[in-house]
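The values are calculated or read from the model by the stated rules, or taken from the named source; none is laboratory data. These numbers were taken from a predicted model, which means no experiment stands behind them. Note that each Cβ is placed from the backbone with ideal geometry, even for glycine, and that neighbours are counted across all protein chains shown.
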Amino acid sequence: MPELQQTPEQAFSAALSRRRQAGRRRPPSAAIAAFVQSVSKAIDELNTHAGLDQATAQIVRGAVLNDAFVPLLCVREGATPLAAKLLADRWTALAGQRRTRRPLRASVEPITLRPDDTLLLETFSSRVMEELIATSRADRGRRTIRWLMDALRMSLSDVGRMVGVSDETVRRWARGTTGIPEAKLALLDTGGAALARLLRLVRPDRLPEVVRRPADAFGGQRAFDWILQGRIREVADQYERELAYQA
(Lines give C-alpha, C1' and ligand atoms only; values in the text may rest on other atoms or scores of the structure.)
Protein backbone atom coordinates (compact mmCIF):
# COMPACT_ATOMS: atom_id res chain seq x y z
CA MET A 1 0.00 0.00 0.00
CA PRO A 2 1.15 3.60 -0.59
CA GLU A 3 2.85 5.30 2.34
CA LEU A 4 0.57 7.80 4.05
CA GLN A 5 1.57 11.46 3.97
CA GLN A 6 0.68 11.70 7.66
CA THR A 7 -0.07 9.25 10.42
CA PRO A 8 -3.73 8.33 11.00
CA GLU A 9 -3.47 9.96 14.46
CA GLN A 10 -2.38 13.23 12.88
CA ALA A 11 -5.18 13.12 10.30
CA PHE A 12 -7.91 12.50 12.88
CA SER A 13 -6.39 14.92 15.39
CA ALA A 14 -6.41 17.74 12.84
CA ALA A 15 -9.99 16.98 11.81
CA LEU A 16 -11.26 16.78 15.39
CA SER A 17 -9.43 19.90 16.54
CA ARG A 18 -11.00 21.97 13.77
CA ARG A 19 -14.42 20.50 14.43
CA ARG A 20 -14.18 21.01 18.20
CA GLN A 21 -13.57 24.72 17.74
CA ALA A 22 -16.53 25.05 15.37
CA GLY A 23 -18.73 22.85 17.58
CA ARG A 24 -18.59 25.34 20.47
CA ARG A 25 -20.86 27.64 18.50
CA ARG A 26 -23.40 24.98 17.55
CA PRO A 27 -26.31 23.25 19.29
CA PRO A 28 -25.55 19.65 20.41
CA SER A 29 -27.28 17.90 17.48
CA ALA A 30 -25.50 20.09 14.93
CA ALA A 31 -22.18 19.56 16.71
CA ILE A 32 -22.66 15.78 16.55
CA ALA A 33 -23.50 15.97 12.85
CA ALA A 34 -20.38 18.07 12.30
CA PHE A 35 -18.29 15.54 14.26
CA VAL A 36 -19.57 12.65 12.13
CA GLN A 37 -18.98 14.53 8.88
CA SER A 38 -15.49 15.56 9.96
CA VAL A 39 -14.53 12.01 10.90
CA SER A 40 -16.04 10.68 7.68
CA LYS A 41 -14.01 13.14 5.61
CA ALA A 42 -10.80 12.19 7.45
CA ILE A 43 -11.54 8.50 6.80
CA ASP A 44 -12.08 9.18 3.09
CA GLU A 45 -8.78 11.05 2.86
CA LEU A 46 -6.91 8.25 4.61
CA ASN A 47 -8.61 5.61 2.44
CA THR A 48 -7.64 7.51 -0.71
CA HIS A 49 -4.00 7.95 0.36
CA ALA A 50 -3.86 4.26 1.31
CA GLY A 51 -5.11 3.23 -2.12
CA LEU A 52 -8.08 1.22 -0.85
CA ASP A 53 -10.50 -0.03 -3.49
CA GLN A 54 -14.01 1.42 -3.40
CA ALA A 55 -15.72 -1.55 -1.75
CA THR A 56 -13.09 -1.85 0.98
CA ALA A 57 -13.12 1.90 1.58
CA GLN A 58 -16.90 1.86 2.07
CA ILE A 59 -16.66 -0.97 4.61
CA VAL A 60 -13.85 0.77 6.49
CA ARG A 61 -15.77 4.05 6.60
CA GLY A 62 -18.89 2.38 7.98
CA ALA A 63 -17.02 0.35 10.60
CA VAL A 64 -14.95 3.28 11.90
CA LEU A 65 -17.94 5.63 12.02
CA ASN A 66 -20.05 3.10 13.89
CA ASP A 67 -17.28 2.77 16.49
CA ALA A 68 -16.80 6.54 16.88
CA PHE A 69 -19.16 7.09 19.83
CA VAL A 70 -16.45 6.73 22.50
CA PRO A 71 -14.17 9.12 20.55
CA LEU A 72 -17.11 11.55 20.51
CA LEU A 73 -17.26 11.35 24.31
CA CYS A 74 -13.51 11.91 24.42
CA VAL A 75 -13.86 15.11 22.41
CA ARG A 76 -16.62 16.26 24.75
CA GLU A 77 -14.31 15.74 27.73
CA GLY A 78 -11.49 17.63 26.04
CA ALA A 79 -9.50 14.46 25.29
CA THR A 80 -9.08 15.04 21.57
CA PRO A 81 -5.69 13.24 21.40
CA LEU A 82 -7.24 10.07 22.83
CA ALA A 83 -10.18 10.36 20.42
CA ALA A 84 -7.77 10.66 17.51
CA LYS A 85 -5.80 7.64 18.71
CA LEU A 86 -8.90 5.48 19.11
CA LEU A 87 -10.12 6.38 15.63
CA ALA A 88 -6.66 5.88 14.15
CA ASP A 89 -6.24 2.47 15.79
CA ARG A 90 -9.61 1.32 14.46
CA TRP A 91 -8.87 2.60 10.96
CA THR A 92 -5.36 1.09 11.01
CA ALA A 93 -6.69 -2.33 12.03
CA LEU A 94 -9.29 -2.35 9.27
CA ALA A 95 -7.21 -0.79 6.48
CA GLY A 96 -4.20 -3.02 7.14
CA GLN A 97 -1.78 -0.12 7.49
CA ARG A 98 1.53 -0.48 9.30
CA ARG A 99 2.61 2.34 11.55
CA THR A 100 5.60 4.20 10.18
CA ARG A 101 5.96 6.48 13.21
CA ARG A 102 5.60 6.13 16.95
CA PRO A 103 1.95 6.01 18.00
CA LEU A 104 0.50 9.00 19.78
CA ARG A 105 0.39 8.48 23.55
CA ALA A 106 -2.31 10.34 25.43
CA SER A 107 -2.52 10.63 29.19
CA VAL A 108 -6.10 11.50 30.15
CA GLU A 109 -8.63 10.79 32.86
CA PRO A 110 -11.21 8.04 32.23
CA ILE A 111 -14.23 9.21 30.25
CA THR A 112 -17.27 10.03 32.37
CA LEU A 113 -20.59 8.56 31.26
CA ARG A 114 -23.67 10.64 32.08
CA PRO A 115 -27.31 9.61 32.55
CA ASP A 116 -28.36 11.50 29.43
CA ASP A 117 -25.73 9.85 27.21
CA THR A 118 -28.44 7.47 25.96
CA LEU A 119 -29.98 10.39 24.09
CA LEU A 120 -26.53 11.41 22.88
CA LEU A 121 -25.94 7.89 21.57
CA GLU A 122 -29.30 7.91 19.75
CA THR A 123 -28.49 11.24 18.11
CA PHE A 124 -25.01 10.04 17.20
CA SER A 125 -26.33 6.79 15.69
CA SER A 126 -28.86 8.75 13.64
CA ARG A 127 -26.18 11.07 12.28
CA VAL A 128 -23.91 8.13 11.42
CA MET A 129 -26.76 6.48 9.51
CA GLU A 130 -27.45 9.71 7.61
CA GLU A 131 -23.77 10.02 6.71
CA LEU A 132 -23.49 6.41 5.56
CA ILE A 133 -26.63 6.73 3.41
CA ALA A 134 -25.30 9.94 1.84
CA THR A 135 -21.90 8.44 1.08
CA SER A 136 -23.51 5.24 -0.21
CA ARG A 137 -25.56 7.28 -2.67
CA ALA A 138 -22.47 9.14 -3.81
CA ASP A 139 -20.60 5.85 -4.28
CA ARG A 140 -23.52 4.51 -6.33
CA GLY A 141 -23.45 7.60 -8.53
CA ARG A 142 -19.71 7.28 -9.13
CA ARG A 143 -20.09 3.60 -10.02
CA THR A 144 -22.85 4.44 -12.51
CA ILE A 145 -20.73 7.13 -14.16
CA ARG A 146 -17.87 4.67 -14.64
CA TRP A 147 -20.29 1.99 -15.89
CA LEU A 148 -21.84 4.31 -18.50
CA MET A 149 -18.39 5.41 -19.66
CA ASP A 150 -17.12 1.83 -19.93
CA ALA A 151 -20.20 0.12 -21.40
CA LEU A 152 -21.15 2.85 -23.90
CA ARG A 153 -17.68 4.36 -24.40
CA MET A 154 -18.95 7.70 -23.18
CA SER A 155 -16.70 10.59 -22.27
CA LEU A 156 -17.10 12.83 -19.23
CA SER A 157 -18.61 15.39 -21.56
CA ASP A 158 -21.10 12.81 -22.89
CA VAL A 159 -22.25 11.90 -19.37
CA GLY A 160 -22.53 15.60 -18.56
CA ARG A 161 -24.76 16.21 -21.58
CA MET A 162 -26.93 13.27 -20.60
CA VAL A 163 -27.66 14.66 -17.13
CA GLY A 164 -27.38 18.37 -17.95
CA VAL A 165 -24.08 19.41 -16.34
CA SER A 166 -20.55 20.25 -17.47
CA ASP A 167 -17.82 17.69 -17.97
CA GLU A 168 -15.89 19.32 -15.10
CA THR A 169 -18.84 18.70 -12.77
CA VAL A 170 -18.93 15.03 -13.77
CA ARG A 171 -15.17 14.85 -13.21
CA ARG A 172 -15.61 16.16 -9.65
CA TRP A 173 -18.42 13.68 -9.03
CA ALA A 174 -16.31 10.80 -10.34
CA ARG A 175 -13.40 11.83 -8.12
CA GLY A 176 -15.66 12.25 -5.09
CA THR A 177 -14.55 15.85 -4.54
CA THR A 178 -18.15 17.11 -4.67
CA GLY A 179 -21.44 15.45 -3.86
CA ILE A 180 -24.04 14.52 -6.47
CA PRO A 181 -27.36 16.40 -6.07
CA GLU A 182 -30.39 14.19 -5.55
CA ALA A 183 -32.00 15.22 -8.86
CA LYS A 184 -28.85 14.36 -10.83
CA LEU A 185 -28.36 11.14 -8.90
CA ALA A 186 -31.89 10.14 -9.90
CA LEU A 187 -30.97 10.74 -13.57
CA LEU A 188 -27.87 8.60 -13.18
CA ASP A 189 -29.96 5.87 -11.54
CA THR A 190 -32.34 5.99 -14.51
CA GLY A 191 -29.39 5.74 -16.86
CA GLY A 192 -27.95 2.78 -14.98
CA ALA A 193 -31.27 0.91 -15.01
CA ALA A 194 -31.72 1.54 -18.74
CA LEU A 195 -28.15 0.45 -19.44
CA ALA A 196 -28.79 -2.83 -17.60
CA ARG A 197 -31.78 -3.43 -19.89
CA LEU A 198 -29.74 -2.63 -23.01
CA LEU A 199 -27.02 -5.06 -21.95
CA ARG A 200 -29.64 -7.81 -21.75
CA LEU A 201 -30.73 -7.04 -25.32
CA VAL A 202 -27.41 -6.37 -27.05
CA ARG A 203 -24.07 -8.09 -26.55
CA PRO A 204 -21.81 -5.86 -24.40
CA ASP A 205 -19.00 -5.86 -26.97
CA ARG A 206 -21.41 -4.70 -29.72
CA LEU A 207 -23.49 -2.19 -27.77
CA PRO A 208 -21.26 0.89 -28.28
CA GLU A 209 -21.24 0.32 -32.05
CA VAL A 210 -24.96 -0.48 -32.30
CA VAL A 211 -26.13 2.68 -30.53
CA ARG A 212 -23.96 4.80 -32.83
CA ARG A 213 -25.64 3.64 -36.03
CA PRO A 214 -28.41 5.83 -37.52
CA ALA A 215 -31.69 3.90 -37.33
CA ASP A 216 -35.28 4.41 -38.49
CA ALA A 217 -36.47 3.52 -34.97
CA PHE A 218 -34.89 6.76 -33.78
CA GLY A 219 -36.09 8.96 -36.62
CA GLY A 220 -32.90 8.50 -38.61
CA GLN A 221 -30.79 9.55 -35.66
CA ARG A 222 -28.44 7.40 -33.65
CA ALA A 223 -29.67 5.88 -30.40
CA PHE A 224 -26.57 7.52 -28.93
CA ASP A 225 -27.99 10.94 -29.86
CA TRP A 226 -31.07 10.15 -27.78
CA ILE A 227 -28.86 9.03 -24.92
CA LEU A 228 -27.01 12.36 -24.99
CA GLN A 229 -30.40 14.08 -24.82
CA GLY A 230 -31.14 12.23 -21.58
CA ARG A 231 -33.49 9.75 -23.28
CA ILE A 232 -31.65 6.52 -22.51
CA ARG A 233 -34.77 4.95 -20.99
CA GLU A 234 -36.63 5.61 -24.27
CA VAL A 235 -33.74 3.97 -26.13
CA ALA A 236 -34.10 0.83 -24.02
CA ASP A 237 -37.90 0.89 -24.53
CA GLN A 238 -37.47 1.19 -28.29
CA TYR A 239 -35.00 -1.69 -28.53
CA GLU A 240 -37.34 -3.90 -26.47
CA ARG A 241 -40.25 -3.05 -28.81
CA GLU A 242 -38.14 -3.76 -31.90
CA LEU A 243 -36.97 -7.13 -30.61
CA ALA A 244 -40.49 -8.08 -29.51
CA TYR A 245 -41.80 -7.20 -32.99
CA GLN A 246 -39.08 -9.27 -34.69
CA ALA A 247 -39.89 -12.21 -32.47
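Tabulated data
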{"item": "Some residue of region 208-215 being aliphatic (A, V, I, L, M), surrounded by 12 or more Cβ atoms within 10 Å (Cβ to Cβ), out of contact with any Lys or Arg (no Cβ under 6 Å at 6 or more places or on another chain) and within 21 Å of residue 54 (Cα to Cα)", "result": "no"}
{"item": "Any hit, region 159-169, residues being of a type outside the set (D, E, K, R), in contact with a Gly (Cβ under 8 Å, 6 or more places away or on another chain), surrounded by fewer than 17 Cβ atoms within 10 Å (Cβ to Cβ) and without any contact (Cβ under 8 Å) to a residue 24 or more places away in the chain", "result": "yes"}
{"item": "Whichever residue in region 216-243 is surrounded by 14 or more Cβ atoms within 10 Å (Cβ to Cβ) and among the acidic types (Asp, Glu) and, among such residues, is farthest from residue 166 (Cα to Cα)", "result": "242"}
{"item": "Residue in region 37-58 that is in a helix (DSSP H, G or I), modelled with pLDDT under 85 and surrounded by 20 or more Cβ atoms within 10 Å (Cβ to Cβ) present", "result": "yes"}
{"item": "Top-ranked residue of region 170-182 - restricted to ones that are surrounded by fewer than 17 Cβ atoms within 10 Å (Cβ to Cβ) and touching a helix residue (DSSP H, G or I) at 6+ places or on another chain (Cβ under 9 Å), ranked as nearest to residue 43 (Cα to Cα)", "result": "177"}
{"item": "Residues that are in contact with a Lys or Arg (Cβ under 9 Å, 6 or more places away or on another chain) and within 17 Å of residue 159 (Cα to Cα), drawn from region 194-206", "result": "194"}
{"item": "Options 152, 120, 201: the member that is in contact with a Pro (Cβ under 6 Å, 6 or more places away or on another chain) and farther than 26 Å from residue 57 by Cα", "result": "152"}
{"item": "Exclusive hit being within 17 Å of residue 44 (Cα to Cα), touching a Phe, Trp or Tyr at 6+ places or on another chain (Cβ under 6 Å) and either at pLDDT below 85 or not β-branched (Val, Ile, Thr) (or both), set 134, 95, 84", "result": "84"}
{"item": "Among residues of region 14-36, those that are at pLDDT 75 or above and closer than 17 Å to residue 128 by Cβ, counted", "result": "10"}
